[in-house]
Amino acid sequence: MTADQRIPIPRFVDALRREGELLALAAERAALDDEVATCPGWRLRDLLRHVGGVHRWATHYVAHGRDTRLPKEEDQPLRRTWPADDGDAGALVRWFRDGVDTLTDTLAAADPHLDCWHFLPAPSGTAFWARRQYHETTVHRVDVELVSGAVTTIDPDLAVDGIDEVLHGMLPHRNRPRADPPLTLALLATDTGTGWHVTIGEDSLTTKAATADASCTVRGTADDLYLLVWNRPTAHPLAVEGDEQVLDLWRAKATI
């Protein structure tokens, strides 16, 4: 992934604020003990604690301009500040909302050229954290909406950006599919005209602009392709051509 980001920081911040509220509203329609099927082993309370903790973690780097990663003994207490009452859903959702408000206010007020610690290439620390926290919150908002009701559509340009982030930045360094000999997967967004050509090898996963030739080609809206690369259920059927085992491999092994 290059350091270029097509979407400006204020757009990410506004969208992050909206996604945080959508997640909170979806959580209020569910129960803390509800299982989150797309995050195996988690219940709703675990997801709220995770995302709320990550928001506070990200806020710390931007608010303090910290240029190195926190040691574990400081990192974990920063994330684990949720209410002590394990059964008070209202308190946990309020804690989550407070974290969204603090994060978005901090990002909105930060120097757009701030140099602070971040873990993928980006124009600045502020740009990185605005983008990363938008997508972190969005994918988990989808998880909660899948528990409690209909899933809200993601704007096409933000979905395209999220696919870029996963394919160029997140997945090459995480649990990814592997294939020897290499396999190729083309993703074509029918609403934006954007495409990605992914080569799945034993030792690497690389992405370039889409070309016509691939072991498997998948067509769908940018929103649905976003959900696919994050290994979430799509809202609409995808059009698949070629070797569907490539798509099966992706769904089995692409985990973030």
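Structure summary
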| read-out | value |
| --- | --- |
| Kyte-Doolittle at least 0.0, axis length at least 15 Å by Cα - qualifying DSSP helices, the chain | 9-28, 89-109 |
| Among 199-208, 40-49, 124-133, 217-226, the order from most to least packed when residues are scored by Cβ within 10 Å on average | 124-133, 217-226, 40-49, 199-208 |
| Ranking of Asp34, Asp101 by count of other Cβ atoms within 10 Å, fewest first | Asp101, Asp34 |
| Reciprocal mean inverse distance between Cα atoms of the stretch 124-193 - Kirkwood radius, Å | 14.3 |
| Largest-first principal axis extents, alpha carbons of the stretch 1-89, Å | 40, 33, 22 |
| Relative contact order, percent, the stretch 1-123 [alpha-carbon distance under 8 Å, six or more residues apart] | 40 |
| Mean ellipticity per residue at 222 nm, deg cm²/dmol - from DSSP H runs of n ≥ 4 across the chain, formula -39500 (n - 2.57) | -15500 deg cm²/dmol |
| Of all DSSP beta bridges in the chain, antiparallel share, percent nearest 5 | 75 |
| Distant alpha-carbon pairs in the stretch 9-148 (separation over 24 angstrom), percent | 28 |
| Sequence-separation-based contact order of the chain, relative, with Cα cut under 8 Å and 6+ spacing, percent | 19 |
| Viscosity 1.002 mPa s, 20 °C: Kirkwood-radius Stokes-Einstein D of the chain over Cα pairs, µm²/s | 113 |
| Descending semi-axes in whole angstrom, ellipsoid equivalent of the stretch 156-253, from the Cα gyration tensor | 19, 15, 13 |
| Global geometry of the stretch 85-171, whether rounded, prolate or oblate, following the gyration tensor of its Cα atoms and the 1.5 cut on a/c | oblate |
| Enclosed volume per residue, in Å³, of the convex hull spanned by Cα atoms of the stretch 1-49 | 112 |
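Where a number appears in this text, it was derived from the coordinates with a stated rule and is not lab data. For clarity, every value in this text was computed on a predicted model and none was experimentally measured. Heads up, the Cβs are rebuilt from the backbone with ideal geometry, glycines too, and the neighbour counts pull from every protein chain shown.
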